[in-house]
């Protein structure tokens, strides 16, 4: 006959081992919570940084818009005999450069004339009665701009019903 060793069942863990196991579980949970908190802090920081950049960009653009408006107004009133003047062409080039730079920044001009009136984008200065019931922009008095859906400046418009 062969001798078989019979394995003894391990004794119940001691109270000290149970305490240490509980501490390991507690510390693991605490570490996981801390890691989650750090991830959340980083995410909030990134969101706030992005939001701040957007606010600053919109503010700078808002400050530049009056200069762009004045260039455009000046070009609307150029006498016909000066239309081909090199100086006028230079000013037109500056306006186009402003437009390209704004486009590169994600800024777009709000559509106005013949568009349905939308108070999210348009600021109606006057309204004229027409034969219909639909409010439509009939004239743009000042351009409006937006970045995505965020309005930087509302377009000032005249509205008529069609």
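When you look at residue 47, is it within 28 Å of residue 153 (Cβ to Cβ) and touching a residue at least 40 places away in the same chain (Cβ under 8 Å), yes or no? Considered against the rule, which asks whether it is within 28 Å of residue 153 (Cβ to Cβ) and touching a residue at least 40 places away in the same chain (Cβ under 8 Å), residue 47 comes out as no. Does residue 75 qualify as being under 25 Å from residue 154 (Cα atoms) and touching a helix residue (DSSP H, G or I) at 6+ places or on another chain (Cβ under 7 Å)? So residue 75 fits the description; yes.
Quick check: anything in segment 99-116 more than 19 Å from the chain's Cα centre (by Cα), assigned to a loop (DSSP other than H, G, I, E, B), surrounded by fewer than 14 Cβ atoms within 10 Å (Cβ to Cβ) and at pLDDT below 95? There is no residue in segment 99-116 that is more than 19 Å from the chain's Cα centre (by Cα), assigned to a loop (DSSP other than H, G, I, E, B), surrounded by fewer than 14 Cβ atoms within 10 Å (Cβ to Cβ) and at pLDDT below 95. Residue-level analysis places residue 95 outside the set of residues that are in contact (Cβ under 8 Å) with a residue 24 or more places away in the chain, in contact with a strand residue (DSSP E or B) (Cβ under 6 Å, 6 or more places away or on another chain), surrounded by 12 or more Cβ atoms within 10 Å (Cβ to Cβ) and more than 27 Å from residue 50 (Cα to Cα). Pull up segment 117-162, narrow it to residues that are assigned to a strand (DSSP E or B) and touching a residue at least 60 places away in the same chain (Cβ under 8 Å), then point me to the one that is farthest from residue 61 (Cα to Cα). So the residue we want is 142.
The values are calculated or read from the model by the stated rules, or taken from the named source; none is laboratory data. Keep in mind that what you see is a predicted model, and the values were worked out from it rather than measured. Note: ideal-geometry Cβ built from the backbone for every residue, glycine included; neighbour counts use all protein chains shown.
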